[in-house]
Amino acid sequence: SPYCIPSLAQVLYVYLFFFFHHVGAFPSPFCSWGYFIQIFVHPLCHPLVCHTTNVHGFCEVYFFVVIILTLCPSSEWFLFPVFQGGTVNQSVPIVLPITEGDKERLENCSSFLLTYGEDDSPVAILSAPEFFPHNKEERVCRQWGTSTREHPYVKMVMASGDWLVGGDLKVFERIRWGDGLDSFRLTPNELRKEFSRRGADAIFAFQLRNPIHNGHAILMTETRKRLEEKGFNHPVLLLHPLGGWTKADDVP
């Protein structure tokens, strides 16, 4: 049974977006459609069990739109064969914002090099790039439920480029930060091996950027209880502490 069932309005929303995208004429402001659907349509999402898929690079336009619209794309979105076979619990689009100048300089390239750091160390090649408008207000409202710039990540998104570029990535080598925590940063395949070693028959994940408090503990305990009630014998928690910027009223 799918966790998220798209409504007719949501399907129409995506169809219209793709139509305008391919003819090169985006309505202005595009995000007003999003606000209309956000007010009248609320997808029924229950991401209790973690179901992941391979991410090959930064989101192209169709992936970006479906993620921010449903928070958990599924095979019910018959438009996109990439989702066939089940529901994908992915509520955060993986995107690469760029400026207008970057877009004009790169839009005729079949691929380009991504670098990082003061020495511009080569990191990856992005191939078959697809450029599309970065609808920032809609993105932050759907992802965080607010557009206030007092939220640190909303502030970052609003200050980023006005365009997004998606495409497949070829990464040269494993990314390492050299901060003493690299041994804890496991790849998806490494996580799968660890789950198997622990004999897990269900995985539930909790990702947070603040220290764990009582409310978090209750959510994790209750989720495990519900999974056991559904018949799972050994559900395993994936605790994913990001660490990150905090708001003024966050737990320090």
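The values are calculated or read from the model by the stated rules, or taken from the named source; none is laboratory data. Since the model is a prediction, treat every value here as computed from it, not as a measurement. When we count neighbours, we look across all protein chains shown, and the Cβ atoms used for this are built from the backbone with ideal geometry, even at glycine. Surface areas here come from the heavy atoms of the whole protein model, side chains and all, with no ligands, DNA or RNA. Shrake-Rupley method; radii C 1.70, N 1.55, O 1.52, S 1.80 Å.
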- Message: Taking the condition of being under 16 Å from PHE58 (Cα atoms) and either open to solvent by 50 Å² or more (accessible area, probe 1.4 Å) or assigned to a strand (DSSP E or B) (or both), how many residues in region 130-171 meet it?
- Response: 14
- Query: For region 175-188, what are the residues that are open to solvent by less than 100 Å² (accessible area, probe 1.4 Å) and either basic (Lys, Arg) or under 20 Å from the mean Cα position of the chain (by Cα) (or both)?
  - Reply: ILE175, ARG185, LEU186, THR187, PRO188
- Within region 225-237, residues within 9 Å of ALA202 (Cβ to Cβ) and within 25 Å of the chain's Cα centre (by Cα) come out as LEU227, PRO235, VAL236
- Note on the structure: Those residues of region 143-161 which are closer than 26 Å to ASP102 by Cα and out of contact with any Ser or Thr (no Cβ under 6 Å at 6 or more places or on another chain) amount to GLN143, SER147, ARG149, PRO152, TYR153, VAL154, LYS155, MET156, VAL157, MET158, ALA159, SER160
- Go through region 208-224 residue by residue and tally those that are among the basic types (Lys, Arg) and either assigned to a strand (DSSP E or B) or under 20 Å from the mean Cα position of the chain (by Cα) (or both). 1
- Item | Any chance PHE63 is open to solvent by less than 40 Å² (accessible area, probe 1.4 Å), modelled with pLDDT of 60 or more, under 24 Å from ALA159 (Cβ atoms) and part of a helix (DSSP H, G or I) | yes
- Item | Restricting region 100-116 to residues that are open to solvent by less than 90 Å² (accessible area, probe 1.4 Å) and charged (D, E, K, R), the residue that is modelled with the lowest pLDDT | GLU107
- From the list PRO73, PRO122, PRO81, pick out the single residue that is modelled with pLDDT under 85 and open to solvent by 50 Å² or more (accessible area, probe 1.4 Å). PRO81
- Only listed residue being in a loop (DSSP other than H, G, I, E, B) and in contact (Cβ under 8 Å) with a residue 24 or more places away in the chain, chosen from ALA205, ALA200: ALA200
- Can you confirm whether region 227-243 contains a residue that is open to solvent by 50 Å² or more (accessible area, probe 1.4 Å), part of a helix (DSSP H, G or I) and either at pLDDT below 95 or farther than 30 Å from SER110 by Cα (or both)? yes
